[in-house]
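Each reported figure results from applying straightforward, stated rules to the coordinates on display, with no laboratory input. Predicted model only: the values in this text are computed from it and were never measured. Note that each Cβ is placed from the backbone with ideal geometry, even for glycine, and that neighbours are counted across all protein chains shown.
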Amino acid sequence: MKIAFLGFGNVGAPLADHLQRAGHEVTLAARSADAESVQRALARNAALRVAEPAAAVAAAEVVFLATPYAANAAVLPPLADALAGKVLVDCTNPVGPGLTHGLQSRSSGSAEVQALAPRARVVKAFTIYGFENLDDNRFPAADVKPMMLYCGDDAAAKQQVAGLIGQLGWQPLDAGGLVQALHLEHMTLLWIRMVRMGQRSPHLVWAALQR
């Protein structure tokens, strides 16, 4: 599968690395291959490709949005046409002052992403934990896989994203339509408060158990 990344810092770089090693053609959408973030990602995995954003997005089947949330308003509108019909995986979270929801819970960040790229097929995923678990989600002492929630309104897009989640070693769990993104964003805030402020291990994740 051809995958492009918009943003390749603490979240995007490990996801890009692992997806390329899983056999996908992964491209970093960057204005300059000399940018520090690009060079750090290439130091992890020299097989990652680099292309100008519009070209990278146009060639991709799936696009990961892993920018800081505040950058979305500048990043997405120029790419709206190229994103038409593409699966857009929203890995961003609107975090406000004092670890509040950045949109005061009036709307989800994913709803805003959908508004900025109205013809993209948005799926919220890879957001409910810190970057440490995207880098390494192995729990050898556990008898269950760590769980990754995702949501979106396009069933086919969600199926593609669920497949990628599974390839990366997570148990994919469909949380429903994109309306659920707000609740996933609150789960992210819960994780941040528990781990970054509560001094719990950053390798804290959840599992879904069923009888």
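Calculate for the chain the 222 nm mean residue ellipticity that helices alone would give, adding -39,500 (n - 2.57) per DSSP H run of length 4 or more and normalising by residue count, nearest 500 deg cm²/dmol. Don't skip to the answer; put the middle values down first.
Details: 9 runs with 72 residues, N = 211.
Taken over the chain, the calculation gives -9000 deg cm²/dmol.
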In Å and whole numbers, how far do the C-alpha atoms of the chain stretch along each principal axis, longest first? 44, 38, 34
Within the chain, the percent of DSSP beta bridges that are antiparallel, given to the nearest 5, stands at 15 percent
Restricting to Cα pairs below 8 Å that are 6+ residues apart, what does the relative contact order work out to for the chain? Please round to a whole percent. 18 percent
Quote the convex hull volume per residue of the range 136-190, based on C-alpha atoms, as a whole number of Å³. 84 Å³
Quick calc, residue 2 & residue 144: beta-carbon distance into FRET formula, R0 41 Å, rounding 0.05, result 0.80
Would you pull out the residues with amide H under 5 Å of residue 95's amide H, same chain only if 5 or more places away, H placed 1.01 Å from N? 102
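With a Förster radius of 35 Å, plug the Cβ-Cβ distance of residue 194 and residue 80 into 1/(1 + (r/R0)^6) and report the FRET value to the nearest 0.05. Could the numbers behind the result be given before it?
Details: r = 36 Å, r/R0 = 1.04.
Taking R0 as 35 Å, the efficiency between residue 194 and residue 80 is 0.45.
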Inter-label distance, nm, simple model (7 Å from Cα along the C-beta direction), residue 115/residue 52: 3.1 nm
Listed residues 35, 51, 175, most fluctuating in the chain (Gaussian network, C-alpha, under 10 Å): 35
Magnitude of the Cβ-charge dipole of the range 106-208, K/R +1 and D/E -1, about the Cα centre, nearest 20 debye? 160 debye
Take the Cβ-Cβ distance between residue 203 and residue 174 as r, set R0 to 30 Å, and report the resulting FRET efficiency rounded to the nearest 0.05. 0.80
Please list 3J(HN,Hα) in residue order for the range 47-64, calculated via the Karplus relation 6.51 cos²θ - 1.76 cosθ + 1.60 where θ = phi - 60°; whole Hz, with x for glycine and proline. 7, 5, 9, 10, 8, 4, x, 4, 5, 4, 5, 4, 7, 8, 8, 10, 10, 9
What is the spin-label model distance, in nm, from residue 61 to residue 33 if the labels are put 7 Å beyond Cα along the C-beta direction? 2.5 nm
Starting from the Cα of residue 155, move 7 Å in the Cα-to-Cβ direction to define the label point; list residues of the range 162-203 whose amide nitrogen is under 14 Å from there. 176-177
Lys, Arg +1 and Asp, Glu -1 on Cβ, resulting dipole of the range 2-197 about Cα centre, debye, nearest 20: 80 debye
Report, in debye and to the nearest 20, how large the dipole of the range 55-164 comes out about its Cα centre when Lys and Arg carry +1 and Asp and Glu carry -1 on their Cβ. 200 debye
List 91, 151 from most exposed to least, where exposure is judged by having the fewest other Cβ atoms within 10 Å. 91, 151
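Count the lysine pairs in the range 2-197 that are 8 or more places apart or on different chains: how many have C-alpha atoms under 15 angstrom apart?
Count of close lysine pairs: 4.
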In the chain, taking the dipole from +1 charges on Lys and Arg beta carbons and -1 charges on Asp and Glu beta carbons about the Cα centre, the listed residue (117, 105, 20) farthest towards the positive end is 105
